[in-house]
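**Student:** Next up is a structure, given as C-alpha cells.
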Amino acid sequence: MADIGFLSLTMAFVVTFYGVVAGIWGYHRDRLDIIESSRRALFAFGILMTIGVVALWYLLLTDDFRVEYVAGHSERALPTLYKFAALWGGQAGSLLFWGWILGLYSMAAVAWLKERHPELNAYVYTVLHAIALFFTALLLFGDNPFRLLPFTPPDGNSLNPLLQNYWMVVHPIGLYLGYIGFTVPFAYAMAALITGNLGNAWVRTIRLWTLIPWVFLSLGILMGSQWAYMELGWGGYWAWDPVENASFLPWLTGTAFLHSIMIQERRGMLKVWNVVLIFLTFWLTILGTFITRSGVIESVHAFALSNIGPMFLAFLAILLLGFLFILFRRLPLLQGDNELDAMLSRESAFLFANVLFVSIAFTTLLGTMWPILSELFTGDKLTVSAPFFNKVNGPIFAVLLFTIGVGPLLPWRRANWTTLRHQLQWPTLASILMILLLLVLGERRPWPLVGFGLVALVFVSIVQEYVRGVRARMRATGEKPWQALARLFRRNQRRYGGYIVHLGVVLMALGIIGNGFYQVDNQAALNPGESMTVGDYRLVYDGLFERRQSNHTEVYARIRAFKGDRELGVLEPKRNIYDKQPEQPTTEIALRPGLVEDLYIVLAGWENGGKPASFKAYVNPLMSWLWIGGFVVILGGLMAAWRRPRRLTARVKLPRKAVAQTA
Amino acid sequence: MLEILIIAFGILVAAGLFIFIIQPIWEGSALLAKEDIPLPVDDLDELYAKRDAIYEAIKELELDYQVGKLSEEDYKRFSADLKRQAAEILKRIDEFPKQQAHIRRYLEAQIQTIRAAMGAPVTQPVLARVPITGREGKTPPKFCTQCGAPLRPTDRFCSQCGARVTPA
C-alpha cells in the first residue's frame, strides 16, 4: 500500500508537470486538443491524489507502523475516528490532504466551468497544475507521507492528544476546504491577467467560487474557536496565536474581495484592487501554511530544521514576483470604467470597509511575523500577544461594525443628507437608548458602551432594511407580508443574504463583548464536600474519579452546581491522561451553556487522589451568541450563494435544417 | 505475489490515465466535430454580463428609492442614466450578428473536418480571428485594389495611393 501511495504521488508529479506544459503549449499554438488534454490531466491528478489518500487511510486503519507517518501519528488503541483524522494530524499527511482537496476542487471547477470562459481555460488549467505541481513536489521531495522506517515498531506514538477531539476532526476539513477553494478564483484571475481578457464576465463567475470557500473558511475558523474554547481550558476562544491568525488573514482579504467585487460588477471600478485582493487571499493561505508548518515562528533557527520551509519560501517568492510582473504588464487593461461620484455613497462605504479589512489583516500579519522580524533585525525574539492585537484591532473592528450599520443604508453613486437622516433616525435612537440603559445599569467603561451601542445601531438598521423592503413591496404589489418577504428575498438574494451575514456578525459581537468585558472567574483548591463560588453560582466538589478509555484514562471531578438554592445538575470537568503522552494531559472542561451565560469549569490539578483538587471556574456572559452568530453568518453566506446557475452564454445549437439551407 | 499485484495496479492506472489524457490529441478532429463545442462568443458574453449588471442596478435603484434611500431627483437622474446605458447595450447585442454565429459555426466544422481528413493538426477555430464588421458581414479588403498596399480594417482611403477603399 505504501508503494501504491508513493507511485500515485510520482505519477501525480509527472501528470501535473505535463499539465503545465500542455496548457501553455496549447494556448500559444491554438491547439484545442492539447488544452483539452491539459484539462484531463487535472482529472488524472484528482484521481491520483484520491488513490494516495485512500492508501494512507488504509495504512492508518491497518496499523502499518513500518510507515513513518503512521508510526508517528497513530497507535493500535487509537479510536477509529481519530485514525481517519490522523490523515491531517501531521505535516506530511496534511500536505497530502491538501493536494487531494486541490484535486477535488480542480475537477469540480473544470467540469462545471469548462464552457463558461473558453478563452481563459488554457491558463486556468496551467495555474491549477502549477499549484498542484508544487504540492506534489513538496510531498515527494520535502515530506513524504509514505516513507518507510528501516524496521517495524510494535506500536505507534499516537496522535497528539490535543487533536483527539471531535472538533479537531471536523475543523481542519472546513479550514482546508476554505483555504484551498481560493485556488479556483485565483486561477481564473491569473488566467484573465495573463491572457488579457479582463472584462467583467469572469468576475461574475468567480464570485460564487469565492463565496463557497469563504463559507467553508468561516466554518473552519468557527469550529477552531469552538475547539479552543472546549479543549484549551483558559476560558477564551481566540488567542491571536500564529496558527489562528494564519486562518484569519485570508478570511479578511477574502471578505474584502467579496465586497469590492460588487463595485466592479456594478460600476466597473477597482479592477486592479480586486485582482490584488484575490491574489493576496491565495498568497496568504500559502503563507499561513508556511508559517504554521515550517516552525519559523517558534524561531528563525527552527526554520532550517524543516526541509519544506525553503521550498515554501521559494514558492511564495515566485508567486509574488510573477504576480507583480503580470500585473504591471496588464495595468493599462485594468483601467476603471467609472470614477467615484461622491464621497458619501455605497461605493465609498464598500471602499472604506475594504480599507478596514486590509488594515486588520496588515496589523495581524505584522504582529504574527513580529517574532521573526525582531529576531532577524535585533537578534532578540519579541513576541506580541493577545493584548496587542485586541488593542490595535479592537477599535478597527468597532469602526467596521459601524460601517456595517451605515453602509447598506447608503445608495449607489450619491447619498443625500436628508434621506440619510431619515434612514439613520431609528438606528441612532436605538443606539442611544442602549447606551443610556447601560449607564443606568452602572456601566461606565467606554468600550462596552461603544460596543453595545454599535450592536444596537447595526441590529436596528438591518431590521429596518427588511421592514422597509417588505413594506415597499407590499405597497407596489399588494402582497401579504410573508409573501412580500419571500419575494423580496428571492429577487434580491445577494443583498438580503448579505444582511443575514451582517446580522450574524452583530450576534457574534455580543459574544465577543460579553466574554471580553464581563467574564468572571475564580479559582480554589477544594477537598471533597467543600464548595466555591463564581458569579452567582455555587459549586460543590464531591470527589475525584477515574474512567478507563481505549487509549487514555479520564480523571474527572464530580461537581454539583447551584444557582441560589436551585441545583442545576452535575458537571464533570476532566483531564485525559494518554498512555503514550502521560506528560501532556488534556483539559476537558465542563460546560453548562446558556443564552445568557456559560458556566465553564476547569479541573486544574489535584493532589492525594483529589484531596484537594484545584479548579478554575468562569462565567462567560453571552458566549452562546458567538456560536449562534457564527452559524447565522454561515447560513447567510449560503443563502447569498444559493442560486440556480444561470447561463450567461447563449448556447448556439446548430439546427440541421439551417445548416442544410446555408449549405 | 503482493508486489506483482502492486506493479500490475500501477501499470494499469498509469496506462489508463495516459490514454485518458492523450486521447484528445490522438483523435482531436473527432472531438471538434462534436456538436457541443461552443463557439467563441466572448464578446457577446461580455455584453450579456454588462446587460445583466445594468438590469440588476436598475432593480436595486428602484428598491433603494422605494425604501427612501434616494431623493426623487437623484432617482430620476440615475434611472434615466441606467436606462440609457441599458438601451445602448441592448442595441449592441442586437447588432451582434446572431445569424453569422450559425454560419460561422457550420463553416468552422467544415474546415476542421477537411483539415482533419487531410491530416492537419486541429487548431482553435480559424474563423474566430476574422473580425465581424456589421449586419452585412462584409469584411474590409486587406489590400488596396489600385496599388496593392496593405490596408488597416478601418481605412477608408489607401494610405499609399489615396484611392477610395471599396468593400469587396
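**Student:** Rounded to the nearest 20 Debye, what is the dipole magnitude of the stretch A:124-256 about its Cα centre when Lys and Arg each give +1 and Asp and Glu each give -1 at the C-beta?
**Tutor:** 500 debye
**Student:** Further question: Using Cβ counts within 10 Å as a stand-in for footprinting exposure, how do A:Val440, A:Val392 rank, fewest first?
**Tutor:** Details: A:Val440 8, A:Val392 17.
By the 10 Å Cβ count, ascending: A:Val440, A:Val392.
**Student:** Further question on the same structure: For A:Lys271, which aspartates and glutamates qualify as cross-link partners when the Cα separation must be under 15 Å and same-chain residues fewer than eight apart are set aside?
**Tutor:** A:Asp337, A:Glu339, A:Glu347
**Student:** Okay, next question. Please give the calculated 222 nm ellipticity per residue for the protein assembly as shown, where each DSSP H segment of at least 4 residues contributes -39500 (n - 2.57) and the sum is spread over every residue; nearest 500 deg cm²/dmol?
**Tutor:** Result for the protein assembly as shown, helices only: -21500 deg cm²/dmol.
**Student:** Would you work out which of A:Asn390, A:Ile404, A:Thr378 lies farthest towards the positive end of the dipole of the stretch A:364-508, given +1 charges on the beta-carbon of Lys and Arg and -1 on that of Asp and Glu, about the Cα centre?
**Tutor:** Farthest towards the positive pole: A:Ile404.
**Student:** Let me ask another. So how far, in whole Å, is the C-alpha centre of the stretch A:44-93 from the one of the stretch A:1-42?
**Tutor:** About 26 Å separates the Cα centre of the stretch A:44-93 from the one of the stretch A:1-42.
**Student:** Which ordering of A:Ser531, A:Ser260, A:Ser74 is given by a fewest-first count of other beta-carbon atoms within 10 Å? Could you put the intermediate results ahead of the total?
**Tutor:** Values: A:Ser531 15, A:Ser260 24, A:Ser74 29.
Result, fewest neighbours first: A:Ser531, A:Ser260, A:Ser74.
**Student:** Can you work out D for the stretch A:2-330 in µm² s⁻¹ from Stokes-Einstein, where Rh is the Kirkwood radius over C-alpha pairs, the temperature is 25 °C and the viscosity is 0.890 mPa s?
**Tutor:** 120 µm²/s
**Student:** For the stretch A:521-624, how big is the tail of P(r) above 20 Å, as a whole percent of Cα pairs?
**Tutor:** Pairs farther apart than 20 Å: 36 percent.
**Student:** Between the alpha-carbon centers of the stretch A:456-475 and the stretch A:125-184, tell me the distance in whole angstrom.
**Tutor:** If you average the Cα positions of each part, the centres end up 46 Å apart.
**Student:** Find the cysteines in the protein assembly as shown that fail to meet the 4.7 Å Cβ criterion with every other cysteine, and list them.
**Tutor:** none
**Student:** Rounding to the nearest 20 debye, state how big the charge dipole of the protein assembly as shown is about its Cα centre with +1 on each Lys and Arg Cβ and -1 on each Asp and Glu Cβ.
**Tutor:** 3620 debye
**Student:** Expressed in nm to one decimal, what extension gain is obtained for the pair A:Asp241 and A:Leu324 from 0.36 nm per residue of sequence separation less their Cα-Cα distance? Please list the in-between numbers first.
**Tutor:** On the way: separation 83, 0.36 × 83 = 29.88 nm, distance 2.98 nm.
Roughly 26.9 nm would be gained on extension.
**Student:** In straight Cα distance, which aspartates and glutamates are under 19 Å from A:Lys391, not counting same-chain residues fewer than 8 positions off?
**Tutor:** Here the aspartates and glutamates satisfying the reach criterion relative to A:Lys391 are A:Asp241, A:Glu244.
**Student:** Just want the answer: with Cβ charges of +1 for Lys and Arg and -1 for Asp and Glu, which residue in A:Pro593, A:Gln523, A:Ser550 is farthest toward the dipole's positive end in the stretch A:521-624?
**Tutor:** A:Ser550
**Student:** Taking B:Lys69 as the anchor, which aspartates and glutamates have their alpha carbon closer than 13 Å to its alpha carbon, excluding any fewer than eight residues away along the same chain?
**Tutor:** Result set, ordered by chain and number: A:Glu465, B:Glu60.
**Student:** What is the stretch A:94-223's relative contact order, in percent, from Cα pairs under 8 angstrom and six or more apart in sequence?
**Tutor:** For the stretch A:94-223, the relative contact order is 37 percent.
**Student:** May I pose another question? Would you list B:Lys50, B:Lys83 from fewest to most Cβ contacts within 10 Å?
**Tutor:** Placing the least packed residue first, the sequence is B:Lys83, B:Lys50.
**Student:** May I ask which residue of B:Ile54, A:Gln464, A:Leu59 lies farthest towards the positive end of the charge dipole of the protein assembly as shown, with charges of +1 (Lys, Arg) and -1 (Asp, Glu) on Cβ and the Cα centre as origin?
**Tutor:** B:Ile54
**Student:** A further question on this structure: Could you tell me the number of lysine pairs in the stretch A:521-624 with C-alpha atoms less than 23 Å from each other, where the two lysines are 8 or more residues apart or belong to different chains?
**Tutor:** 4
**Student:** Further, regarding this structure: Can you tell me the Rg and Dmax of chain A, counting just the alpha carbons, in angstroms?
**Tutor:** Rg, Dmax (Cα atoms, Å): 27.4, 98.
**Student:** For the stretch A:2-330, with only Lys/Arg (+1) and Asp/Glu (-1) charged at the beta-carbon, what is the dipole magnitude about the Cα centre, in debye rounded to 20?
**Tutor:** On the way: 18 positive and 17 negative charges, 240 e Å.
Charge dipole of the stretch A:2-330: 1160 debye, to the nearest 20.
Computed from the coordinates by the stated procedures, all read-outs in this text should not be read as laboratory data. Computed from a predicted structure; not experimentally measured. All Cβ positions, even for glycine, are placed from backbone atoms using ideal geometry, and neighbour counts span all protein chains on display.
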